[in-house]
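Structure record follows, encoded as structure tokens.
The values are calculated or read from the model by the stated rules, or taken from the named source; none is laboratory data. Only a predicted model underlies this, so the values are computations on that prediction, with no experimental measurement involved. Note: ideal-geometry Cβ built from the backbone for every residue, glycine included; neighbour counts use all protein chains shown. SASA here: full protein model, heavy atoms, side chains in, ligands and nucleic acids out. Shrake-Rupley method; radii C 1.70, N 1.55, O 1.52, S 1.80 Å.
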Amino acid sequence: MNRNKIGITETVLRDAHQSLLATRMRTDEMLPIVDTMDKIGYHSVEMWGGATFDACLRYLDEDPWERLRKLKAGFKNTPLQMLLRGQNLLGYKNYPDDVVTEFVYKSVENGIDIIRIFDALNDVRNLEVSIKATKKAGAHAQATVVYTTSPVHNIELFIKLAKELYNMGADSICIKDMSGILKPFDAYNLIKALKDEIKLPIQLHSHYTSGMASMTYLKAIEAGVDIIDTAISPLSLGTSQPPTETFVSILKDTPYDTGLDMKLLNEVAEHFKKVRDTHISGNNTSLVTGIDTNVLIYQVPGGMLSNLVAQLSQANALDKYEKVLEEIPRVREDLGYPPLVTPLSQMVGTQAVLNVITGERYKMIPNEIKDYVKGLYGRPPIPIKKEIKEKIIGNEDIIDVRPADLLKPQLQNIKKEIAEYIEQEEDILSYASFPQIALNFFKYRRAQKYKIDENILDKENKAYPV
Ligand code: CO
């Protein structure tokens, strides 16, 4: 890799529309621009992840594997990238090792070149199996340090984590700032220290939510970052990434020149402007492009805020919004400062809502929070205080093994369970990830096929009347 040239990962096909269009972009809205995008020279194009996989099956009646294959057929020169939640794959809980390994193999077999792997708790034990499988499948394993701030998170801790990931065989390291709270000067110090200590490419992923991400990227570039994540302008800013064209332009004719073609990028922008506008006028979503500084005070990522509003209005308690925002950091402290990323962001948010609307802290506790305290999601950044632990799980023990060690292999059982619906081996993995939603999709798919067969039959009947 040329030391100075900055690589660009374009996020429009994954994070950008997940952040701004509720993940509703369809494959047929992507395909017409793929040839142009493939000529641009991106380091990679991110196009797959938990929410896109889920939304394909749940809302779009699309097979996510089919999307991957179609995009791969068009992106002949550009590596395709996905985001994987480590042992949680694309879901919200731990899966057994046989499912994790097979999922990684099938992702690579269908066209993924780079897998960015993270664990919400930065528990490296939850990354081990997927990193190993990625490497064995011949793909690039990018291991992730989830960035957060707390009294226990500091540069030393992040460096220690990155070193562990390096030793585990990571091909590169990503700093994942999902909330957009990494400040420019902190980014400089963090990236500088990482580059001094670890001889791997470093990639930075941030969100524009608080208004800092472009400055953060620039300082990270000065500190030696190798690759940044950006989104084509019509789907940039707000809760999405900084704009691609702006960075290409900023870095042009400097030692960091990305070498990307602005004219081609403009064609890509024109295309996604139209896509964006059809989504907005269809009222499927409201575009959040402004700056939200609540995230700097409460550390609450943008997606979590809209969830909170929905939960509170359901409970007819929107007037408690401020109180819940204040409760979130307290719950987070109680739980050992987990980073607020999926699934922990939802879990902490729900507990805070319950604490406020019931009027008593931990009067109601969801099972997920109990499992978390038992250690079934992994190790919290610091141990949970005894009195909180007792309040939540009483005298029950905390496990000290890797959570997935407690899970039995599952693939063979699933195969039997859905045998009548399987049209491709990948269906087993869709079902393992989202059983009910996948099953609904399989039924829909079969109905569609049946309808088509009927049509063919009709035509045949007409052509050959008895
Ligand atoms: Co993101």
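Observations
- Unmet requirement for residue 46, which otherwise passes all of (1) within 30 Å of residue 291 (Cβ to Cβ); (2) away from the ligand (no atom under 16 Å from the Cβ): (2)
- Selected residue [open to solvent by less than 10 Å² (accessible area, probe 1.4 Å), under 22 Å from the mean Cα position of the chain (by Cα) and within 15 Å of the ligand (Cβ to nearest atom)] from 12, 34: 12
- Every residue from segment 174-201 that is within 16 Å of the ligand (Cβ to nearest atom) and part of a helix (DSSP H, G or I): 187
- The single condition among (1) among the β-branched types (Val, Ile, Thr); (2) open to solvent by 20 Å² or more (accessible area, probe 1.4 Å); (3) in contact (Cβ under 8 Å) with a residue 60 or more places away in the chain that residue 101 does not satisfy is (3).
- Residue 158 being hydrophobic (A, V, I, L, M, F, W, C) and closer than 22 Å to residue 376 by Cβ: no
- Listed conditions (1) of a type in the set (A, V, I, L, M); (2) open to solvent by less than 10 Å² (accessible area, probe 1.4 Å); (3) away from the ligand (no atom under 16 Å from the Cβ) are all met by residue 204, apart from (3).
- Within segment 158-172, being of a type in the set (A, V, I, L, M) and either within 16 Å of the ligand (Cβ to nearest atom) or assigned to a helix (DSSP H, G or I) (or both) holds for 159, 161, 162, 165.
- Hey, residue 231 more than 21 Å from the chain's Cα centre (by Cα), open to solvent by less than 10 Å² (accessible area, probe 1.4 Å), small (Gly, Ala, Ser) and closer than 24 Å to residue 293 by Cβ or not: no
- Segment 241-261 residues that are open to solvent by 10 Å² or more (accessible area, probe 1.4 Å), paired with ones that are aliphatic (A, V, I, L, M) and part of a loop (DSSP other than H, G, I, E, B) (beta carbon under 7 Å, 6 or more apart): 243/237; 256/6; 260/40; 261/40
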